[in-house]
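Working notes for the structure below.
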Amino acid sequence: MDLYLVDDAVAREWQPFALTRPIGELMFGVSTLRARAADQTGARPVGHVTSAGLTGFEEPGAPPVVPLDLTPSDRPRLFLWSRAILAGPVPPLPDDGCVLLEVGGRFAGIWIPAGTAGTETLFASALDGTPQAAGLPVVDLQGFLLESPWDLMARSPGQVVIDGEGFPDSDVPAGVDKLGSGRLSIGRGAFVEPNVVFDTRNGPVILEEDVHVHAFTRVAGPAYVGPGSILLGGSFGEVSFGPMCRIRGEVRASIVLGYSNKAHDGFLGHAVLGRWVNLGAMTTNSNLKNNYGPVRLDVAGSSIDTGMTKVGCFLGDHVKTGIGTLLNTGTIIGAASNVFGGAMPPKYVPPFSWGVGHDLTTHDPERFLSAAAVVMSRRDQSLPEGMRQMYRQAFESTAQERAPGT
């Protein structure tokens with residue numbers, strides 16, 4: 001069957017990430033939400049149904065953003081919410097009619113057998129979070145729905161523990177110390193230098209193929225390091241790093257989606273970073289308020305109480321920070337922004353911002369695209385024209401968030 005990952009009304013508010021990528025392409029545990037859904041359902045992911053502004057999104061391995069089409073098809077189709085985490089197998093679904101899907105008792109998708117027409121009204125109401133059942137049967141799947149980027153961040157280490165059961169255990173390399181009896185999995189082509197410590201007492205440590213861990217690095221599980229990533233030294237715990245990252249310093253309870261650099265010292269805690277993020281030397285974020293109270297986020301003029309005491313920062317795709325940048329507790333920096341100069345920026349930095357502290361101007365989109373293409377070429381990646389147009393659209397759609405005249 002064909003799998004479509006659907007960003008519902010909740011997922012489309014997941015800033016700063018929803019502006020430049022389908023939520024199914026965020027990382028949770030050891031994989032993207034899209035890859036996880038494909039593994040759990042056995043379906044072939046063929047498209048993301050999300051905001052029209054993401055048309056043109058293109059990344060290796062990711063299906064395209066497609067318009068919603070519920071006309072009859074010769075293939076069965078599973079439309080599943082991108083933020084749904086399935087915890088068990090999907091039972092056989094009927095071939096004689098549509099079915100509403102729930103995950104943990106909450107609406108999360110629609111099953112449409114081959115040759116069956118969907119219901120436009122039903123799906124439109126479902127995207128708004130108020131599905132009209134219209135007498136359709138309901139199948140409840142085991143699992144839960146992620147509520148926000150900080151929910152994804154907080155739950156990810158526990159998911160690494162679950163995911164780790166699917167990885168083989170490896171021998172401890174010479175000159176390396178392992179604490180605890182938990183799983184240590186080292187992929188093909190990975191290289192671990194002497195004087196590295198792996199602490200598996202609280203969860204597995206998983207290194208994918210071609211990972212390189214430099215000497216004087218400590219990795220505490222649950223931890224996942226994606227293919228081709230390099231740990232350059234420091235202390236890491238409860239982390240999920242995607243492919244081709246360069247990470248150094250102290251990182252705790254954070255997700256780095258992939259192709260990002262934190263190649264120098266500095267603290268990153270309880271954070272989620274998009275792709276192609278570059279943190280200047282000694283960039284450090286706060287993840288705890290002085291009064292130990294719940295962290296509030298400022299999102300484009302709205303204040304949101306996370307209900308959590310530890311929340312760091314959320315940085316969109318292609319965000320850059322200069323040396324010595326300090327980020328306040330609960331900071332959000334929109335995609336394609338560049339903050340520098342040592343002064344602390346505001347807790348919400350609109351997309352395509354440029355400047356020092358609160359003195360922010362607009363990052364010219366064409367200059368951004370030119371620089372992004374250079375950055376990506378250094379990792380043998382290109383910036384397709386569809387992605388360029390998507391970023392131009394993102395720039396136009398967020399103009400009202402930036403200060404007039406900047």
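The residues on offer are Thr361, Thr331, and the sole one that is of a type in the set (S, T, N, Q) and farther than 22 Å from Arg252 by Cβ is Thr361.
Counted as qualifying within the stretch 200-307 are the strands (runs of 3 or more DSSP E) with 1 or more residues that are in contact with an Asp or Glu (Cβ under 7 Å, 6 or more places away or on another chain) and surrounded by fewer than 24 Cβ atoms within 10 Å (Cβ to Cβ), namely 217-225, 230-241, 246-252, 267-269, 296-299. Using the structure shown, decide if Met376 is within 30 Å of Gly269 (Cβ to Cβ) and part of a helix (DSSP H, G or I). Here the answer is yes, as Met376 does meet what is asked.
From the list Arg75, Arg34, the one residue that fits, being of a type in the set (D, E, K, R) and either under 23 Å from Leu257 (Cα atoms) or surrounded by 17 or more Cβ atoms within 10 Å (Cβ to Cβ) (or both), is Arg34.
Conditions tested, residue by residue: (1) under 19 Å from Arg44 (Cβ atoms); (2) at pLDDT below 90; (3) in contact with a Ser or Thr (Cβ under 8 Å, 6 or more places away or on another chain); (4) not in a strand (DSSP E or B).
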site	(1), (2), (3), (4)
Val90	yes, yes, yes, yes
Asp95	yes, yes, no, yes
Pro131	no, yes, yes, yes
Phe144	no, no, no, no
Trp150	no, no, yes, yes
Met153	no, no, yes, yes
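Within the stretch 364-372, identify whether any single residue is at pLDDT below 95 and over 26 Å from Arg248 (Cβ atoms), and answer yes or no. Checking the stretch 364-372: not a single residue is at pLDDT below 95 and over 26 Å from Arg248 (Cβ atoms). Of all residues in the stretch 141-157, one or more are assigned by TED's automatic domain parsing to the domain that holds Ala87, crowded, with 16+ Cβ neighbours inside 10 Å and farther than 24 Å from Leu257 by Cβ.
Screening His358 on (1) surrounded by fewer than 15 Cβ atoms within 10 Å (Cβ to Cβ); (2) closer than 25 Å to Pro149 by Cα; (3) at pLDDT 95 or above shows it passes everything except condition (3).
The values are calculated or read from the model by the stated rules, or taken from the named source; none is laboratory data. Predicted model, so just to flag it, every value in this text is computed and none were measured. Note: ideal-geometry Cβ built from the backbone for every residue, glycine included; neighbour counts use all protein chains shown.
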